[in-house]
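Bear in mind these aren't lab numbers, they're just calculated from the coordinates by the rules spelled out. Not measured: the values here are computed from a predicted model. In this analysis, Cβ positions are derived from the backbone assuming ideal geometry, glycine residues included, and neighbour counts consider all displayed protein chains.
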């Protein structure tokens with residue numbers, strides 16, 4: 001979601017959205033497990049209407065934890081891909097024995 005989209009969803013001007021607010025909205029939107037990939041904008045709008053920025057701020061710690069976990073998974077995925085490449089290269093250097 002872009003900043004101007006958040007402004008439109010909350011019926012405000014882009015200029016009225018402070019950087020700290022935008023960070024909180026962005027991390028919750030992208031990483032909180034309760035915000036889906038398909039209807040995240042509508043979920044964020046509903047959260048805003050239910051509790052305003054206070055509710056969004058309450059969700060930031062869980063979103064940050066989810067972000068940390070997501071990044072750890074991605075790092076592990078990359079490490080696995082590199083290890084598989086090394087293994088395949090090593091295996092390709094040897095001709096199988098005829099049995």
Quick calc, residue 82 & residue 20: beta-carbon distance into FRET formula, R0 30 Å, rounding 0.05, result 0.20
To the nearest 10 degrees, the tilt of helix 40-92 (Cα long axis) against the first principal axis of the alpha carbons of the chain is 10
Exposure proxy check on 38, 43: fewest-to-most Cβ neighbours within 10 Å is 38, 43
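To the nearest 500 deg cm²/dmol, what mean residue ellipticity at 222 nm is calculated for the chain from DSSP H runs of n ≥ 4 alone, each contributing -39,500 (n - 2.57), summed and divided by the residues? Display every interim value, and only then the final one.
Working: 3 runs with 73 residues, N = 99.
-26000 deg cm²/dmol, from helical runs alone.
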Note: residue 30 to residue 49 extended length (0.36 nm per residue) minus current alpha-carbon separation gives 5.0 nm
With Cα coordinates, the longest principal axis of the chain makes an angle with the long axis of helix 19-31, in degrees rounded to 10, of 50
For the chain, the percent of all C-alpha pairs falling in each 10 Å bin, from 0 up to the bin holding the max distance, is 14, 35, 18, 12, 10, 7, 4, 1
